[in-house]
Amino acid sequence: MLKTLLAAGFALLGLATAAPASAADPVYTVKPCPADWPTSGRSVECGTLTVDETRGDPATRRIDIAVARVRASDPYRDASGQTLPPVVVFHGGPGGSLVSGVGRRLGVYAAQPDRAGPLAAIDQDWIYFDQRGGGLGNPSMDCPGAQLTDAGPPTDEDAQKLIACLKGYADAGVDLSQYNAAVIAADVADVVKAMDLKQIDLFGGSYGPRIEAAVITHAPQVVRVAVMDSPWPPEGNWAVHTPEQVSTAVRTILGKCAAQAECNARHADLQTRFEANARAWLAGPQTDKDGVAFSVDDLAAFLMDTTYSATGVRNLPADLEKIIAGDLSPVAAIAEDRTYYFEGQHMTHLCKEEIPFESKAALAAGAAGDPVAEVSVSSLSRLFDVCAAIDVGAADPVENQPVRTTIPTLFIAAEIDPGCPPPLTRAAAAHYEGSQVMIVTNATHGVTGQNPCAARAARDFLRDPTKAVDQSCLPAADTPLVFTEN
């Protein structure tokens with residue numbers, strides 16, 4: 001999930017032109033940054049990495065990957081006097097983007113330096129790139145008109161639109177088997193080669209750590225250290241058990257409300273009442289006061305997006321009261337915008353490295369008996385239908401196995417996260433020798449952007465991964481969650 005991490009887009013010059021003739025070596029070409037990007041003294045370089053779509057195939061075409069490098073404003077030197085390697089940043093989704101949002105980041109750095117945060121390309125260069133198949137790259141596999149959330153396609157029609165979109169890209173010459181984590185790991189190695197770097201550090205959020213894991217697996221020689229925010233590990237199940245994770249997030253939030261006298265008085269027995277309401281949604285569409293009908297899949301998208309969001313989590317008790325009372329405006333608000341991914345890129349990843357290791361039967365079995373979990377089953381099931389209809393090549397079992405490494409890694413997870421919950425983080429970290437783990441109370445998906453203590457820990461870890469990061473500034477486990485009544 002990367003709705004909170006996606007940036008507003010605009011075209012980088014030259015990326016939509018025809019791909020150049022095939023050549024085996026990666027080529028990095030510096031290009032002008034958009035004229036409206038503020039610099040305010042920051043040195044920024046924009047460019048394009050051109051690589052083979054299918055490595056090892058002499059007949060393959062070339063593809064372009066958008067890159068932006070923000071130079072360190074105050075380079076940090078370690079005890080030996082050496083500067084730190086650049087940090088390569090990985091967007092989530094899959095199907096997110098980064099490069100188009102760099103201009104906005106630069107604006108924050110210029111106008112509000114105190115809010116820019118300790119990770120704002122101060123100590124090290126930060127290299128942003130749009131993973132192949134999305135963002136400002138060529139090709140960029142967007143599927144206009146097809147809605148898709150982390151709870152899957154909201155309707156059968158959306159699933160068919162995704163299938164048609166992906167087949168359209170394949171008919172246009174895109175090799176769908178070449179848009180996944182393992183191939184992106186090779187792109188990262190090519191970034192290092194083409195930009196003449198010695199090593200890099202890794203930083204990513206959400207599905208970004210899944211790509212970090214692939215780099216650590218397939219190109220460990222280029223990595224010094226890694227930081228993973230709200231991590232999704234390779235061994236996680238994208239569809240199977242996600243309904244239960246959403247239900248757990250809802251139960252956790254409502255439990256925090258029940259533990260506070262004022263919130264509990266306002267929302268007595270809300271968990272029980274919402275479970276009864278969920279059963280009504282499972283029985284058939286619900287109609288709001290204006291006569292507009294919403295399906296259980298719409299409720300699934302609402303629950304997923306809301307429990308990812310810091311604002312949504314704080315509004316959840318009040319929003320559920322509205323829904324139970326027949327005011328479906330919270331569901332309608334989420335239904336207004338469900339196209340925040342590059343859907344083609346999203347699905348090539350899921351169909352190659354996630355869905356092949358899962359099943360519809362296991363999805364339904366895991367959720368059975370919990371009405372809040374069962375809400376998400378039908379929309380997630382459509383992912384299997386989309387993947388069955390497109391050809392992305394055979395799945396490699398290594399893409400579903402835990403990573404084992406000695407590369408120093410800091411894991412930062414949110415207490416409330418329906419997609420990347422703390423148990424997944426702890427299990428993944430157990431295979432990273434010498435790793436450190438932070439679980440942040442009351443935080444939601446995308447921790448370093450919300451919690452200054454976690455952001456400082458990430459910066460300190462990148463400076464010196466041999467030291468234990470300071471967790472004393474984190475909120476205590478019993479810190480009340482502040483709710484909003486709307």
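The values are calculated or read from the model by the stated rules, or taken from the named source; none is laboratory data. Since we're looking at a predicted model, the values are computed, not measured. Methodologically, a virtual Cβ is constructed for each residue, glycine included, from the backbone with ideal geometry; neighbour enumeration extends over all protein chains shown.
Picking from residues in region 84-117 that are out of contact with any helix residue (DSSP H, G or I) (no Cβ under 8 Å at 6 or more places or on another chain), surrounded by fewer than 21 Cβ atoms within 10 Å (Cβ to Cβ) and assigned to a loop (DSSP other than H, G, I, E, B), the one that is modelled with the highest pLDDT is Pro85. Filter region 219-251 down to the residues that are touching a strand residue (DSSP E or B) at 6+ places or on another chain (Cβ under 7 Å) and part of a loop (DSSP other than H, G, I, E, B), then identify the one that is surrounded by the most Cβ atoms within 10 Å (Cβ to Cβ). Per the criteria, the residue is Ser230. Considered as a group, the residues in region 253-288 that are small (Gly, Ala, Ser) and in contact with a helix residue (DSSP H, G or I) (Cβ under 7 Å, 6 or more places away or on another chain) include one that is nearest to Val375 (Cα to Cα), and that residue is Ala278. I'd like to check something: does region 197-210 contain any residue that is within 30 Å of Ser359 (Cα to Cα), β-branched (Val, Ile, Thr) and at pLDDT 95 or above? Checking region 197-210: not a single residue is within 30 Å of Ser359 (Cα to Cα), β-branched (Val, Ile, Thr) and at pLDDT 95 or above.
Restrict the check to region 265-276 and report whether at least one residue is among the polar types (S, T, N, Q) and either within 15 Å of Ser376 (Cα to Cα) or not in a helix (DSSP H, G or I) (or both).
Start the filter on region 265-276 by keeping residues that are among the polar types (S, T, N, Q), which leaves 271-272.
Keeping just the survivors that are either within 15 Å of Ser376 (Cα to Cα) or not in a helix (DSSP H, G or I) (or both) gives none.
Looking for residues that are among the polar types (S, T, N, Q) and either within 15 Å of Ser376 (Cα to Cα) or not in a helix (DSSP H, G or I) (or both), one finds none in region 265-276, hence no.
Please tell me if Asp391 is closer than 24 Å to Tyr169 by Cβ and out of contact with any Ser or Thr (no Cβ under 6 Å at 6 or more places or on another chain). Yes, satisfied.
Residues of region 316-345 that are crowded, with 24+ Cβ neighbours inside 10 Å and farther than 22 Å from Thr444 by Cα: Phe342, Glu343, Gly344, Gln345. In region 451-486, what residues are in contact (Cβ under 8 Å) with a residue 24 or more places away in the chain, buried (at least 17 other Cβ atoms within 10 Å of the Cβ) and of a type outside the set (A, V, I, L, M, F, W, C)? Answer for region 451-486, where residues must be in contact (Cβ under 8 Å) with a residue 24 or more places away in the chain, buried (at least 17 other Cβ atoms within 10 Å of the Cβ) and of a type outside the set (A, V, I, L, M, F, W, C): Arg456, Arg459, Pro465. Hey, among the residues in region 281-337 that are touching a residue at least 60 places away in the same chain (Cβ under 8 Å) and assigned to a loop (DSSP other than H, G, I, E, B), which one's farthest from Val246 (Cα to Cα)? Filtering region 281-337 for residues that are touching a residue at least 60 places away in the same chain (Cβ under 8 Å) and assigned to a loop (DSSP other than H, G, I, E, B), the one farthest from Val246 (Cα to Cα) comes out as Ser295. Could we say that Ala120 is among the small types (Gly, Ala, Ser), touching a residue at least 12 places away in the same chain (Cβ under 8 Å) and either surrounded by fewer than 23 Cβ atoms within 10 Å (Cβ to Cβ) or assigned to a loop (DSSP other than H, G, I, E, B) (or both) here? Answer is yes for this residue.
Right, Gly81: over 30 Å from Ala389 (Cα atoms), free of Cβ contacts under 8 Å to residues at least 40 places away in the same chain and in a loop (DSSP other than H, G, I, E, B) or not? Walk me through it before giving the result.
Numbers: over 30 Å from Ala389 (Cα atoms): yes; free of Cβ contacts under 8 Å to residues at least 40 places away in the same chain: yes; in a loop (DSSP other than H, G, I, E, B): yes.
Taking the combined requirement at face value, the residue satisfies it.
Looking only at region 159-174, count every residue that is assigned to a helix (DSSP H, G or I) and touching a residue at least 12 places away in the same chain (Cβ under 8 Å) and tell me the total.
Residues in region 159-174 being assigned to a helix (DSSP H, G or I) and touching a residue at least 12 places away in the same chain (Cβ under 8 Å): 9 in total.
May I ask you to say which residue of Leu316, Leu270, Leu254, Leu350 is closer than 26 Å to Ser100 by Cβ, modelled with pLDDT of 95 or more and touching a Leu at 6+ places or on another chain (Cβ under 9 Å)?
Numbers: Leu316 fails: closer than 26 Å to Ser100 by Cβ; Leu270 fails: closer than 26 Å to Ser100 by Cβ; Leu254 fails: closer than 26 Å to Ser100 by Cβ.
Of Leu316, Leu270, Leu254, Leu350, the one residue that is closer than 26 Å to Ser100 by Cβ, modelled with pLDDT of 95 or more and touching a Leu at 6+ places or on another chain (Cβ under 9 Å) is Leu350.
Taking into account only those residues within region 152-172 that are of a type in the set (Asp, Glu) and under 20 Å from Trp238 (Cα atoms), which is nearest to the chain's Cα centre (by Cα)? Ranking the candidates gives Asp158 first.
The residues on offer are Gly135, Gly145, and the sole one that is touching a Gly at 6+ places or on another chain (Cβ under 8 Å) and in a loop (DSSP other than H, G, I, E, B) is Gly135. Within region 202-209, can one find any residue that is part of a helix (DSSP H, G or I) and touching a helix residue (DSSP H, G or I) at 6+ places or on another chain (Cβ under 9 Å)? Yes, some residue in region 202-209 is part of a helix (DSSP H, G or I) and touching a helix residue (DSSP H, G or I) at 6+ places or on another chain (Cβ under 9 Å).
Yes/no matrix, rows are residues, columns are (1) β-branched (Val, Ile, Thr); (2) surrounded by fewer than 19 Cβ atoms within 10 Å (Cβ to Cβ); (3) in contact (Cβ under 8 Å) with a residue 12 or more places away in the chain:
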{"position": "Val375", "(1), (2), (3)": "yes, no, yes"}
{"position": "Ala389", "(1), (2), (3)": "no, yes, yes"}
{"position": "Asn400", "(1), (2), (3)": "no, yes, yes"}
{"position": "Val403", "(1), (2), (3)": "yes, no, yes"}
{"position": "Thr406", "(1), (2), (3)": "yes, yes, yes"}
{"position": "Thr409", "(1), (2), (3)": "yes, no, yes"}
{"position": "Gly419", "(1), (2), (3)": "no, no, yes"}
{"position": "His431", "(1), (2), (3)": "no, yes, yes"}
